[in-house]
Amino acid sequence: MRHPRDMGKTEIEAFLTSLAVDRNVAAATQNQALSALLFLYRDVLELPLPWLDDVVRAKRPARMPVVLTHKEVAALRAQVHAPQISLVVDLLYGAGLRLMEAVRLRVKDVELERGELLVRDGKGGKDRITMLPDRLNDALRAQVALAKSIHDADLHAGYGQVWLPNALATKYPGAATAFGWQYVFPAARLSIDPRGGATRRHHIDEKQVQRAVKNACAAAGIDKPATPHTLRHSFATHLLEAGYDIRTVQELLGHSDVKTTMIYTHVLNRGGRGVVSPLDRVG
């Protein structure tokens with residue numbers, strides 16, 4: 001095998017092309033190979049290859065998201081019995097939250113009077129505002145009250161700190177024990193934070209929600225490979241079915257590009273026009 005220093009542009013391009021056309025190699029693997037070559041030449045061999053930046057990266061194949069029907073969502077919800085987990089599931093479907101956005105929700109970001117949820121540091125580090133379903137007001141109010149009682153007990157026991165992002169603990173020394181910064185869905189037990197060794201109360205484990213959704217689907221007889229994220233897909237699809245503008249759905253989901261949101265029009269198989277099969281028009 002020739003040393004990388006002796007490989008020319010043609011040989012490298014041929015190697016990358018062979019990866020790009022090989023259907024047995026995943027797109028992520030192809031892109032990893034390209035990144036490895038960039039690192040090798042720029043940082044190890046110190047041989048800059050400007051043309052390598054223009055190599056087209058492999059694209060991941062488009063996959064249609066799994067979406068539940070209204071009846072399937074109702075059947076799934078009926079099989080989730082733990083109140084705290086049930087509320088998380090309702091937020092995934094009713095507000096279009098990602099799983100980690102739901103379990104990381106802080107008390108200060110719940111606007112019960114305005115009917116809004118402020119999602120902090122979502123995917124891509126972005127903040128956004130999404131809806132809070134009216135029917136969840138009472139349940140969320142009760143959950144916040146439960147979190148308050150747990151926090152008060154922690155303070156009385158000499159604890160009560162929560163992890164804060166982006167060095168906020170240094171900027172606002174009292175914020176770590178302020179109730180507004182506590183998680184809406186606190187864990188059942190205190191734990192030692194591996195990031196600094198402090199004893200804190202974390203949010204509930206997302207795996208609890210994943211297991212609950214999996215078990216609920218089995219109990220409800222839902223054969224689709226549904227996960228907590230499926231409820232977010234269903235949220236978006238059902239809003240579009242109801243006639244809401246795709247830009248509105250885009251904002252609620254926090255997508256940077258409307259093309260990402262457009263995937264749900266393909267799920268609808270309507271292309272934004274409500275196409276009816278000619279078979280359904282036959283007399």
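Note on the stretch 214-234: residues that are basic (Lys, Arg) and touching a Cys at 6+ places or on another chain (Cβ under 9 Å) amount to 1.
Results for (1) outside the structural domain of Ala145 (by TED's automatic domain parsing); (2) within 18 Å of the chain's Cα centre (by Cα); (3) part of a helix (DSSP H, G or I), shown as yes or no for each residue.
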residue: Leu97; (1), (2), (3): no, yes, no
residue: Ala102; (1), (2), (3): no, yes, yes
residue: Lys108; (1), (2), (3): no, no, yes
residue: Leu118; (1), (2), (3): no, yes, no
residue: Gly124; (1), (2), (3): no, yes, yes
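Selection of the stretch 82-140 for residues being of a type in the set (A, V, I, L, M), free of Cβ contacts under 8 Å to residues at least 40 places away in the same chain and under 19 Å from His203 (Cα atoms) yields Leu117, Leu118. Annotation: of all residues in the stretch 242-267 being more than 23 Å from Lys126 (Cβ to Cβ) and surrounded by fewer than 16 Cβ atoms within 10 Å (Cβ to Cβ), the one that is modelled with the lowest pLDDT is His266. Is it the case that some residue within the stretch 69-83 is surrounded by 12 or more Cβ atoms within 10 Å (Cβ to Cβ), modelled with pLDDT under 95 and farther than 19 Å from Phe185 by Cβ? Scanning the stretch 69-83, I find at least one residue that is surrounded by 12 or more Cβ atoms within 10 Å (Cβ to Cβ), modelled with pLDDT under 95 and farther than 19 Å from Phe185 by Cβ, so the answer is yes. Please name all residue pairs, on different chains or six or more residues apart, with Cβ atoms under 6 Å, provided the first residue is in the stretch 144-158 and is farther than 15 Å from Ala187 by Cβ and the second residue is of a type in the set (Asp, Glu) and surrounded by 12 or more Cβ atoms within 10 Å (Cβ to Cβ). Within 6 Å, no pair qualifies.
The values are calculated or read from the model by the stated rules, or taken from the named source; none is laboratory data. In this text, all values refer to a predicted model and were calculated from it rather than measured experimentally. Every residue, glycine among them, receives a Cβ derived from its backbone with ideal geometry; neighbour counts consider all protein chains shown.
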